[in-house]
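Data block below; observations after.
The values are calculated or read from the model by the stated rules, or taken from the named source; none is laboratory data. What you are looking at is a predicted structure, and each value in this text was computed from that prediction instead of being measured. Here Cβ is always computed from backbone atoms with ideal geometry, including for glycine, and neighbour counts include all displayed protein chains.
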Amino acid sequence: MERANSILNKVMCVVGCVVFLVFGGCTSLEGSGKCKLLYKDDFEDGDLSGWEATDANAWWIEYFEGNMVLSLHEKKSDYKPPVRSPLNRNMIKDLSVGSFAMSLKMLSTTPDYGHRDLCLFFGYQDASHFYYVHIANKADAHANSIFIVDGKPRLSIAKKRTEGTRWDDNWHRVKLVRDIESGSIEVFFDGKSIMQAADKTFTSGRIGVGSFDDTGKFDEIKVWSMD
């Protein structure tokens, strides 16, 4: 009975977190021990000391459309990854999670083309071992998918995905849900599920934002634990 209750609680946590991500709230779950808010940053204090970038010169906090945002302003980066993977990455310091949910606003600032992208990073172990979500206009073997970097060049692991996710000059709400028991990974773009995967290679790790080789802005970042 105890094991059955444990499994039921886990299922309810996953379902509940997916619901609040899609429909925009967590007030009923937050602090309940099922979905706990671990981290949030709206960048209004102008402080980047809680972040670690692959190329610090490519990032700053700036005033934009009435408030402060995190800005990846350099398309080219001095960072050279050890294996083929995104060139610009900015990770939250001192935060490692297993099952989690993440919500944020993202704005692409790159002229339009097929691989116009922004990325989310998770399960980060080191520069050669992590997952990332690549959201781009056109899906192919290297774009608009969920990828794993496991000591070799990135590999797409998405089982379902759209043919592309159109960026424009507007902010978009992006949400990422990860459950380590099932291995499930799901990404939402403006409330619509755009890609899904299942993998258990990395069951915990750090979280971050960035791009393969484009520019963009990020704001209102929140991370909830689902453990």
Fill in: Matching residues, segment 34-58, being assigned to a strand (DSSP E or B) and more than 17 Å from LEU104 (Cα to Cα)
GLU52, ALA53
Item to complete: Identify all residues within segment 110-167 that are touching a Leu at 6+ places or on another chain (Cβ under 8 Å) and either in a loop (DSSP other than H, G, I, E, B) or surrounded by fewer than 22 Cβ atoms within 10 Å (Cβ to Cβ) (or both); write none if there are none.
Response: ILE148, TRP167
Practice prompt. From (1) of a type outside the set (Lys, Arg); (2) buried (at least 22 other Cβ atoms within 10 Å of the Cβ); (3) within 14 Å of the chain's Cα centre (by Cα); (4) not in a loop (DSSP other than H, G, I, E, B), pick out the condition that doesn't hold for SER103.
Written response: (2)
Worksheet item: How about segment 88-100: which of its residues are in contact with an Asp or Glu (Cβ under 8 Å, 6 or more places away or on another chain) and either among the charged types (D, E, K, R) or outside any strand (DSSP E or B) (or both)?
Response: LYS93, GLY98, SER99
Item to complete: Quick one: which residue in ASP55, ASP112, ASP41 is farther than 16 Å from ARG206 by Cα, within 20 Å of the chain's Cα centre (by Cα) and of a type in the set (Asp, Glu)?
Response: ASP55
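Confirm whether LEU48 is closer than 28 Å to PRO86 by Cβ, touching a Ser or Thr at 6+ places or on another chain (Cβ under 7 Å) and at pLDDT 65 or above. Give the derivation first.
Details: closer than 28 Å to PRO86 by Cβ: yes; touching a Ser or Thr at 6+ places or on another chain (Cβ under 7 Å): no; at pLDDT 65 or above: yes.
Answer is no for this residue.
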